[in-house]
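Everything on this sheet refers to the single structure shown next.
The values are calculated or read from the model by the stated rules, or taken from the named source; none is laboratory data. Here the structure is a predicted model, which means the values were calculated and not measured. Positions of Cβ are generated from backbone atoms using ideal geometry, with glycine treated the same way; all protein chains shown enter the neighbour counts.
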Amino acid sequence: MTLPRVVLLAILAFLFACGDAEQRQEPLFQSTDFTPPGSFTSLIEGPATDAAGNVYAVNFARWGTIGIVTPSRESSLFVRLPSGSAGNGIRLNSRGDLMVADVLGHNVLRVAIDTKDVSTYAHEPAMNQPNDLAIRSDDMLYASDPNWQASTGQLWRIDTTGDVELLEADMGTTNGIEISPDERTLYVNESVQRNVWAYDLSPEGNIGNKRLLLQFPDFYVDGMRCDNRGNLYITRPGKGTVAMVSRTGEVLRDIELTGKVPSNIAFGGPDGRTAYVTMQDRGCLESFRVKHPGREWEMLQTGRK
């Protein structure tokens with residue numbers, strides 16, 4: 001049956017509009033400045049995003065601070081940490097509080113999102129310097145713990161009660177740490193050795209079946225995050241890229257950045273598909289669009305167990 005001319009024209013107009021809209025979409029994997037260079041200090045680290053679209057990162061005005069960047073890109077001081085503390089990795093718990101790795105105080109700090117009160121959530125003198133954190137949907141935390149001078153590291157679990165347990169010692173320089181979307185795998189990388197390890201993760205929070213996911217041939221590795229498909233986005237200081245790595249350890253692409261020293265990454269934005277990268281050589285955040293939302297962003301939107 002031949003379609004009436006008016007119906008055919010309407011279909012063609014719809015298809016043309018869809019194609020035009022697709023062409024107008026923001027390009028993927030092209031990094032631009034999210035904040036101006038110098039808006040943070042050269043020790044910027046530990047980005048995290050909340051459900052409202054704000055981005056947090058440490059060392060905003062000076063060492064020992066946390067800054068906030070609104071969706072309209074306005075930067076300001078969020079909180080000063082107590083004397084003797086300095087933050088690195090940040091994750092948000094199910095209440096929206098900031099859980100902060102304290103590299104000086106051997107602590108994990110909790111910053112109440114509503115009052116900005118800072119308290120010690122966990123303390124362990126045997127920690128070198130808790131560096132980065134990963135969080136499960138039930139708020140259980142995992143912390144990397146490097147000893148940079150000795151090129152060694154440790155791996156810790158922090159239970160929801162604040163109790164701390166050493167999971168592995170005598171590792172390389174532990175740094176980036178992340179959990180897969182199904183929460184069955186824990187990933188830990190070693191900066192100096194350029195290794196990315198994968199562990200089976202049990203419902204009780206224990207690890208096993210350690211295997212090497214990937215070893216990079218050059219440069220370093222730092223913070224990393226998963227999208228909701230299980231791809232890892234790994235920052236590469238010195239190379240000036242973010243490596244997108246599949247769950248089987250295949251490097252799918254290298255995303256070029258403007259700066260050369262990315263330290264960490266987080267996902268946010270209105271659809272969870274904007275990656276925010278802390279740049280230590282430029283003292284700012286760069287951002288780029290990705291195909292799939294971040295794991296933690298989706299966790300914030302859909303609720304937790």
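For the condition in contact with a His (Cβ under 9 Å, 6 or more places away or on another chain), closer than 26 Å to Thr32 by Cβ, among the charged types (D, E, K, R) and in contact (Cβ under 8 Å) with a residue 12 or more places away in the chain, Arg236 does not qualify. Could you go through region 204-223 and let me know if any residue there is among the aromatic types (Phe, Trp, Tyr), surrounded by 14 or more Cβ atoms within 10 Å (Cβ to Cβ), free of Cβ contacts under 8 Å to residues at least 60 places away in the same chain and assigned to a strand (DSSP E or B). No - not one qualifying residue is present in region 204-223.
Within the bounds of region 92-112, is there any residue that is small (Gly, Ala, Ser), assigned to a loop (DSSP other than H, G, I, E, B) and touching a residue at least 24 places away in the same chain (Cβ under 8 Å)? Yes - at least one qualifying residue is present in region 92-112.
In region 57-78, the residues that are on the phi > 0 side of the Ramachandran plot reach residues that are modelled with pLDDT of 95 or more and not in a strand (DSSP E or B) with C-beta atoms within less than 6 angstrom, at least six apart or across chains, in these pairs: Asn59/Thr41; Asn59/Leu43; Asn59/Ile44; Gly64/Leu81; Gly64/Ala86. Taking each residue of region 188-199 that is acidic (Asp, Glu) and looking for partners that are part of a strand (DSSP E or B) and modelled with pLDDT of 95 or more with beta-carbon atoms closer than 7 Å, six or more apart or interchain, yields Glu190/Gly153; Glu190/Met171; Glu190/Thr174; Glu190/Asn175. Criterion applied to Arg229, Arg247, Arg253 was being surrounded by fewer than 18 Cβ atoms within 10 Å (Cβ to Cβ), part of a strand (DSSP E or B) and touching a residue at least 40 places away in the same chain (Cβ under 8 Å), and the one residue passing it is Arg253.
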